[in-house]
1. At R0 = 51 Å, how high is the FRET efficiency between residue 78 and residue 227 if r is their beta carbon distance? Nearest 0.05 is fine.
2. Say R0 is 30 Å: what FRET efficiency, to the nearest 0.05, do residue 89 and residue 163 get from their beta-carbon distance?
3. Might you work out the accessible area of residue 6 for me, using a 1.4 Å probe with all protein chains in place, and round it to the nearest 10 Å²?
4. Work out how much length residue 131 to residue 215 would gain on full extension: take 0.36 nm times their residue separation and subtract the Cα-Cα distance, in nm to one decimal.
5. Taking 30 Å as R0, compute the FRET efficiency from the Cβ-Cβ separation of residue 112 and residue 33 and round it to 0.05.
6. Of the listed peptides 97-106, 62-71, what is their order by residue-averaged count of other C-beta atoms within 10 Å, with the highest listed first?
7. For a protection proxy built on the mean count of beta-carbon atoms within 10 angstrom, sort 180-189, 244-253 highest first, please.
8. Once amide H atoms are placed 1.01 Å from N in the peptide plane, what residues at a sequence separation of 5 or more from residue 57, or on another chain, have their amide H within under 5 Å of its amide H?
Amino acid sequence: SEESQTIKVERGEGREDYRIHFTARKEITKIQFFSPSSSEISSIGLFGNGLPTTLKFENELSTFSQSGYPVASAVDGKLTPQANGWAISPQMGRNHFASFQVKTPVSFKGPTQIRIIMKQRFQSGQHSLGRFRVSVTDAPKPISYGIAEELSGIFAITKAKRSPQQKQKLADGFKKSDPHRVRLAQVLSDANRPLPVDSKLRGFENSLSAAEKPLSLPPEVTRLRRAISLSEKQLANRRIIAAQDLAWALINTPSFLFNR
């Protein structure tokens with residue numbers, strides 16, 4: 001099937017240049033230009049390109065990564081205010097580099113625009129992106145910045161004379177320079193995080209807790225229970241009951257009252 005698209009250009013007084021952009025979802029096999037007899041076309045240039053493509057990255061490398069914020073998490077597709085993204089604390093104020101390789105080779109014809117979006121979602125309000133430069137290269141994989149100057153200095157020391165701290169820095173440098181290991185470490189860290197609370201399970205727990213609470217008694221039952229409790233107390237002391245009955249009988253006897 002073919003796609004057709006018509007674009008009208010208004011005639012001007014003199015010679016003019018027009019740039020027309022259009023997108024075709026299918027391969028174009030034929031293009032036709034229709035011009036009135038009174039118009040003259042000096043030249044036509046065609047530039048073709050593919051549809052917009054989202055690039056995915058792999059083999060992430062950086063000169064330094066803060067603990068818990070590896071450079072691999074900068075392009076993992078997650079957007080959270082904490083525990084995600086690339087950070088460099090406590091090495092602020094230094095030059096740092098990060099490289100990312102595209103997973104799928106990119107091919108294009110003619111001029112191409114690359115759109116890079118950098119997001120800063122850390123909400124402390126105390127850190128922001130500094131001066132940065134973005135570069136693109138067609139160098140073959142893998143891309144590496146080489147060995148850091150500090151590690152190069154340690155390698156210059158005889159192995160037997162290296163301190164435990166220097167050996168640890170070499171081990172840490174190797175761990176951080178291996179993208180596959182960094183990715184596995186991030187996967188392990190994510191797996192060790194506690195699972196989010198299931199909303200349905202929380203609802204069942206709340207319902208069970210409400211069902212275990214004792215039901216409130218009707219007012220009539222409460223009154224009768226109080227009456228039974230008072231009667232039981234009165235029966236426990238018969239002398240007091242007899243005195244109360246005698247006093248009640250005297251009070252209600254007309255000849256006993258003082259106003260008679």
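The values are calculated or read from the model by the stated rules, or taken from the named source; none is laboratory data. Keep in mind it's a predicted model, so treat the numbers as computed, not measured. Virtual Cβ from ideal backbone geometry, glycine too; neighbours counted across all protein chains shown. Surface accessibility is based on the protein's heavy atoms, side chains included, excluding ligands, DNA and RNA. Shrake-Rupley method; radii C 1.70, N 1.55, O 1.52, S 1.80 Å.
1. Working: r = 67 Å, r/R0 = 1.31.
That gives a FRET efficiency of 0.15.
2. On the way: r = 25 Å, r/R0 = 0.83.
Given R0 = 30 Å and the Cβ-Cβ separation, E is 0.75.
3. 120 Å²
4. Working: separation 84, 0.36 × 84 = 30.24 nm, distance 6.61 nm.
Using 0.36 nm per residue and subtracting the Cα-Cα distance, I get 23.6 nm.
5. Values: r = 25 Å, r/R0 = 0.84.
Given R0 = 30 Å and the Cβ-Cβ separation, E is 0.75.
6. Numbers: 97-106: 13.4, 62-71: 18.1.
Final packing ranking: 62-71, 97-106.
7. Values: 180-189: 13.8, 244-253: 10.0.
Going from most to least packed, we get 180-189, 244-253.
8. The list, which skips near neighbours in sequence, is 103.
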